[in-house]
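The values are calculated or read from the model by the stated rules, or taken from the named source; none is laboratory data. The structure presented is a predicted model; accordingly, all values stated were derived computationally and were not measured. Positions of Cβ are backbone-derived with ideal geometry, glycine not excepted, and every protein chain shown enters the neighbour counts.
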């Protein structure tokens, strides 16, 4: 593969949508042909049919186009095992080393909404080799400049490689790159934890995410300095609608009244008109910074850590605790979390009932003695601490025993 590493990225804040174009690997469980026959011709493993190897050699030495077409048809007949098999991205639920199929590297165009590549990157645990393998395959851009000449020449686009072969190449660079990846990951984690109040000791409830991001960059000016200029913009100074009903090349002057009606219908407030920000870079981490720069400007979205899998995810609700990633079978963290929540809630009923009774007594005492401020303050503190502790029990941050002990201490 040539050491060309061009990453394209654009962000549309009105739809909270990002287009991410980069070199990535996808998984196929069985060898199949691609429409342009690239998978077919470049297949690196020989299927059970003994004619395959000889046919590939004949194809390379074909004297005419008609002969080439004939050989391709024969190859197609023995390699198209299952037309329903598709190349799919690997996710956290996949144990890469146990997979028996193939990896194909190619330029990928992903349309991302809540499943941002940045959040996958900061969610990897690089002390776990499988997470490193997922990064190696899904973000191959990073390794294009890291692989030695033999390995980079060995890997070609649109070519099927057995998973085991890709794993062996990835292993060669694990010890060398692990520390670097953890370092770059920490840059983004620290900033995101600060902006989204995951690990921020300061009261910033009146600041927007964008303002807190600005503040962070003033406090830690060198953090992203290397990423801020490592790109170029391909923007057009033009406004557009993502869902406009007429194609630009078909519009004529006589269509003006139709255009006016269409605009009034799809955008009565004038807020959907946007100019798409488009960037190109050769630095994967610059692309992540561009994502972060755009995401913090959308104040209604929140980044959180899932209470089940411990990975970062994005949501528009502050009260959401679990992500939508599939963990096992078809169950998501949210499915599993809700089951655990209900289980804990049932287990906590006795303690919670006692907590409410104590609260009722404190409220009654404060109501009967309005001039004694200490009773009102005691009630307010009890409610504030108790509400948070009960929430922590339900999310698994503290045990029911810890909550019960605190409730017993308030029974006085």
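The figures follow:
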item: Qualifying residue in segment 86-101 (condition: surrounded by fewer than 19 Cβ atoms within 10 Å (Cβ to Cβ), outside any strand (DSSP E or B), in contact with a strand residue (DSSP E or B) (Cβ under 7 Å, 6 or more places away or on another chain) and modelled with pLDDT under 85); result: no
item: Qualifying residue in segment 266-277 (condition: modelled with pLDDT under 85, crowded, with 16+ Cβ neighbours inside 10 Å, touching a strand residue (DSSP E or B) at 6+ places or on another chain (Cβ under 6 Å) and not in a loop (DSSP other than H, G, I, E, B)); result: yes
item: Those residues of segment 242-260 which are surrounded by 10 or more Cβ atoms within 10 Å (Cβ to Cβ) and in a helix (DSSP H, G or I), in sequence order; result: 255, 256, 258, 259, 260
item: Residues being over 30 Å from the mean Cα position of the chain (by Cα) and not in a helix (DSSP H, G or I) - total across segment 378-412; result: 3
item: Qualifying residue in segment 112-125 (condition: without any contact (Cβ under 8 Å) to a residue 24 or more places away in the chain, under 24 Å from residue 21 (Cβ atoms), surrounded by fewer than 19 Cβ atoms within 10 Å (Cβ to Cβ) and touching a strand residue (DSSP E or B) at 6+ places or on another chain (Cβ under 9 Å)); result: yes
item: Unique match (being touching a strand residue (DSSP E or B) at 6+ places or on another chain (Cβ under 8 Å), farther than 19 Å from residue 298 by Cβ and part of a loop (DSSP other than H, G, I, E, B)) among 222, 238, 230; result: 230
item: Residues satisfying the stated conditions in segment 31-59, i.e. part of a loop (DSSP other than H, G, I, E, B) and either touching a strand residue (DSSP E or B) at 6+ places or on another chain (Cβ under 8 Å) or modelled with pLDDT of 85 or more (or both); result: 31, 43, 44, 45
item: Total residues in segment 194-206, condition buried (at least 16 other Cβ atoms within 10 Å of the Cβ) and either over 16 Å from residue 297 (Cα atoms) or touching a residue at least 40 places away in the same chain (Cβ under 8 Å) (or both); result: 2
item: Odd one out for residue 186 among (1) outside any loop (DSSP other than H, G, I, E, B); (2) touching a residue at least 40 places away in the same chain (Cβ under 8 Å); result: (2)
item: The listed residue being at pLDDT below 85, more than 30 Å from residue 386 (Cβ to Cβ) and outside any loop (DSSP other than H, G, I, E, B), out of 327, 263; result: 327
item: Qualifying residue in segment 146-162 (condition: crowded, with 16+ Cβ neighbours inside 10 Å, under 30 Å from residue 219 (Cβ atoms) and modelled with pLDDT of 95 or more); result: no
